[in-house]
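Taken together, the values in this text are just the output of simple stated rules run on the coordinates, not laboratory data. Nothing here was measured: the structure is a model prediction, and the numbers come from that model. Glycine also receives a Cβ, built like all others from the backbone with ideal geometry; neighbour counts cover every protein chain displayed.
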Amino acid sequence: MSKKALGRGLKALISEEGFAAAEKAEETEKLKEGAIGSLSVDRIKVNPFQPRKEFDETALEELRNSIIENGVIQPVTVCRDGDDYQLISGERRLRAVTTAGFKFIPAYVIEAHEDASKLELALIENIQREDLNAIEIALALKSLVTKCNFTQDEVAQKVGKNRSTVSNFLRLLKLPRQIQDSIRSREITSGHARALINLPNEHLQLKVWRQIMSRQLSVRQTEALVNNMFKDPPKQAPQELEQRSVHLGQIESQLRDRLATKVKVVEKKGGQGEIHIKYFSGEDLDRILELMNND
């Protein structure tokens with residue numbers, strides 16, 4: 001398999017004449033590697049390494065209608081699999097063509113004889129060419145690391161991303177399943193997720209995630225909320241620590257966790273005291289007041 005050719009992208013390998021030739025209404029005989037032609041949809045097997053797990057039905061319907069009106073503009077990519085072919089990229093087009101009732105689809109055949117090569121090609125092509133959600137991209141990048149034995153630097157080079165970007169995607173897979181599902185369904189963005197991943201445990205991650213969902217927080221608001229939770233309470237002198245009761249310390253901790261900001265309980269003589277609640281912006285104050293009013 002030519003690594004150099006893969007890096008150029010498929011469009012650089014296929015001429016305009018090749019695209020036109022693929023629009024034939026019958027199957028091309030004995031389509032070989034490097035060739036473009038028309039294949040029966042029945043001879044193309046779905047790619048087991050496809051990183052996309054969910055397909056939006058509305059988008060598929062729009063693509064189907066476009067194909068009925070204009071034909072298939074860009075061929076799918078396949079490799080030989082015995083007497084048939086295995087899909088490398090273009091599953092949305094294949095699905096749309098099939099539901100439209102077409103029997104043939106333009107296809108470009110590339111060289112890939114080993115499962116490892118098919119996996120690498122499928123993952124790279126889909127990461128570069130498909131509108132995957134952040135979790136699907138993260139899983140595809142992880143497969144390149146774990147199944148293809150690439151370093152993160154090598155993965156970054158192959159998919160045309162910075163190493164830090166690859167690392168940030170992979171970190172999303174450490175989030176709780178509920179949060180990952182929200183990213184898949186695009187209820188929250190990868191920006192929200194990057195803020196959540198900085199929290200030290202699942203309890204806090206889920207706590208902030210629920211606030212994002214219930215209050216429709218923006219990424220900026222989420223980042224401010226997370227930053228508040230990271231700020232440590234001011235350090236106290238040993239004598240002050242000795243004077244504080246365990247009970248007041250527990251109350252302070254509970255308030256800090258409930259309000260997601262800095263809280264200090266100051267004990268005074270005669271059983272009196274003060275509660276200091278820190279806020280960092282007008283929006284942050286509104287958030288805290290809303291939490292207090294809901295109790």
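Tabulated data for the structure shown
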quantity: Among the listed pairs Lys142/Lys262; Lys174/Lys262; Lys45/Lys158; Lys45/Lys147; Lys45/Lys142; Lys158/Lys207, those beyond 31 Å (Cα-Cα); calculated: Lys142/Lys262; Lys158/Lys207
quantity: Sequence-separation-based contact order of region 175-230, relative, with Cα cut under 8 Å and 6+ spacing, percent; calculated: 37 percent
quantity: Note, ³J(HN,Hα) from phi for region 65-74, Karplus 6.51, -1.76, 1.60, rounded to Hz, x at Gly and Pro; calculated: 5, 5, 5, 4, 7, 10, x, 7, 6, 10
quantity: Tensor-based shape of region 175-230 (alpha-carbon gyration tensor, a/c under 1.5 rounded, otherwise prolate or oblate); calculated: oblate
quantity: Stretch gain in nm, segment Glu274-Gln216, where the contour uses 0.36 nm per residue and the Cα spacing is subtracted; calculated: 17.7 nm
quantity: Ranked Ile212, Ile68, criterion: other C-beta atoms within 10 Å, fewest first; calculated: Ile68, Ile212
